[in-house]
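One structure below.
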Amino acid sequence: MGRAFEYRRAAKEARWDKMSKIFPKLAKAITVAVKEGGPELETNSKLRTAIQNAKSQNMPKDNIENAIKRALGNDAADYTEVTYEGKGPHGVLVFVECATDNTTRTVANVKSYFNKAGGGIVPNGSLEFMFSRKAVFEFEKPEGLELEELELELIDAGLEEIETNQEMVYLYADYTNFGSLSKALEDQNIELKKSSLQRIPTSPVEFTDEQMEEIEKMLDKIEDDDDVQAVYTNIA
């Protein structure tokens with residue numbers, strides 16, 4: 001019984017630790033969206049997406065409202081969205097997306113994570129052709145939904161591919177069709193769990209368990225940085 005309790009406590013602490021890192025990142029995405037397009041959900045699709053993603057991670061309503069209020073305040077930080085590209089241990093390719101109020105600090109930190117792992121950042125644009133930028137939408141399959149029919153309805157909005165995993169449905173489109181596909185899903189009354197722009201590797205690479213240990217150590221350090229919003233790799 002004692003061991004089971006310890007296990008549950010460790011699992012709970014790990015979950016809280018993850019939340020303590022992810023909530024500030026979600027709040028920053030909301031703040032950036034409000035600064036860019038205002039607080040009205042009807043006219044700000046970036047804000048709708050940021051709030052939807054925050055809710056999918058069970059972020060409390062108060063946190064969401066506070067992030068919006070912060071963005072509207074006079075002393076709100078001005079965040080710049082920047083990306084960095086790099087190569088890590090065993091040649092792993094890494095794309096890092098950040099939102100920062102101090103690019104000097106951010107680039108120094110990101111460089112240090114790559115350098116300490118024996119890698120380094122490369123000029124922006126070097127890895128562009130190694131990743132496809134996709135709009136990705138996730139939702140639970142509603143009862144009675146025919147995916148073939150849905151596919152036909154969404155092709156004109158830019159849908160490229162549908163995947164299913166148990167009860168979850170994943171839709172993929174070119175990133176330029178994020179807005180049109182999002183609107184088409186709203187018109188179909190599909191309640192999304194999450195939507196995002198992702199960078200998907202064009203030639204994924206398999207790494208051994210030993211190599212993955214080294215790679216994950218570096219990725220953990222990058223992901224733990226407060227300025228980092230998302231990390232993409234060419235790991236298969």
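The values are calculated or read from the model by the stated rules, or taken from the named source; none is laboratory data. The structure displayed is predicted, hence computed values, not measured ones. Neighbour counts are summed over all protein chains in view; Cβ atoms, including those assigned to glycine, are modelled from backbone coordinates with ideal geometry. Accessible surface is based on the protein model in full, side chains and every heavy atom, while ligands, DNA and RNA are left aside. Shrake-Rupley method; radii C 1.70, N 1.55, O 1.52, S 1.80 Å.
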Those residues of segment 210-236 that are within 14 Å of Thr106 (Cβ to Cβ) and without any contact (Cβ under 8 Å) to a residue 24 or more places away in the chain come to a total of 0
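Conditions (1) open to solvent by less than 20 Å² (accessible area, probe 1.4 Å); (2) touching a residue at least 12 places away in the same chain (Cβ under 8 Å), marked per residue:
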{"residue": "Lys21", "(1), (2)": "no, yes"}
{"residue": "Ile30", "(1), (2)": "yes, yes"}
{"residue": "Ala33", "(1), (2)": "yes, yes"}
{"residue": "Glu36", "(1), (2)": "no, no"}
{"residue": "Asn44", "(1), (2)": "yes, no"}
{"residue": "Gln52", "(1), (2)": "no, yes"}
{"residue": "Asp62", "(1), (2)": "no, no"}
{"residue": "Ala77", "(1), (2)": "no, yes"}
The helices (runs of 4 or more DSSP H) lying wholly within segment 80-191 that contain at least 1 residues that are open to solvent by 20 Å² or more (accessible area, probe 1.4 Å) and under 20 Å from Tyr232 (Cα atoms) are 103-116, 178-187
- Could you tell me whether segment 114-131 includes any residue that is without any contact (Cβ under 8 Å) to a residue 40 or more places away in the chain and either polar (S, T, N, Q) or farther than 28 Å from Val205 by Cβ (or both)? yes
**Asked** Is segment 198-210 home to any residue that is within 20 Å of Ala117 (Cβ to Cβ), part of a helix (DSSP H, G or I) and open to solvent by 30 Å² or more (accessible area, probe 1.4 Å)?
**Response** yes
Quick count over segment 98-107, residues being of a type in the set (D, E, K, R) and modelled with pLDDT of 95 or more, is 1
